[in-house]
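Just so it is clear, none of the values below were taken in a lab; they were calculated from the coordinates. The structure displayed is predicted, hence computed values, not measured ones. Note: ideal-geometry Cβ built from the backbone for every residue, glycine included; neighbour counts use all protein chains shown.
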Amino acid sequence: MSQSILLYLNDEAVATLQDLRQETPWFTATAHFSDVAVGETLERVTRFRTFDQQLEALDLPEDEEEDRWEAKLAELGLTHADLGLDFDGQWSVVMEDGTEQEVRSIRFEDGVVQWRG
């Protein structure tokens, strides 16, 4: 499947996506962000989510986990508000034929965006 689609954040187009691939329920595409800051922040949020999953698996005491969590936020230059960027309901895609799809569980790494449809 090779088509261009538009990625929207809060009803504003922020990226063009190409080379759409689907492995139900997941979609993957190459992303070209027109709003570079959104792409960069989403990529840092994705890195933070990966870190958070790894941290949770360590089963550390709550205060130590919180300290590491805050240190990672600072290292990535993220705020608590930035962590809301990948929440459901803010993102959608519009296909070339005009159909709109909700985007859930969005991730962005190495130029590739992945989401659950």
Mean shadow area of the chain over all directions, Cα convex hull, nm²: 7.7
Chain lengthening between GLU40 and TRP26 when straightened (0.36 nm per residue, less Cα-Cα): 2.9 nm
Of the chymotrypsin sites (Phe, Trp or Tyr not before Pro) in the range 22-117, those whose Cβ has at most 13 other Cβ within 10 Å and which sit in DSSP loop: PHE87
Within-14-Å neighbourhood charge of ASP35 [Cβ basis; K, R +1; D, E -1]: -4
Gain on full stretching of the segment that runs from GLU109 to GLU64 - 0.36 nm per residue minus C-alpha separation: 13.4 nm
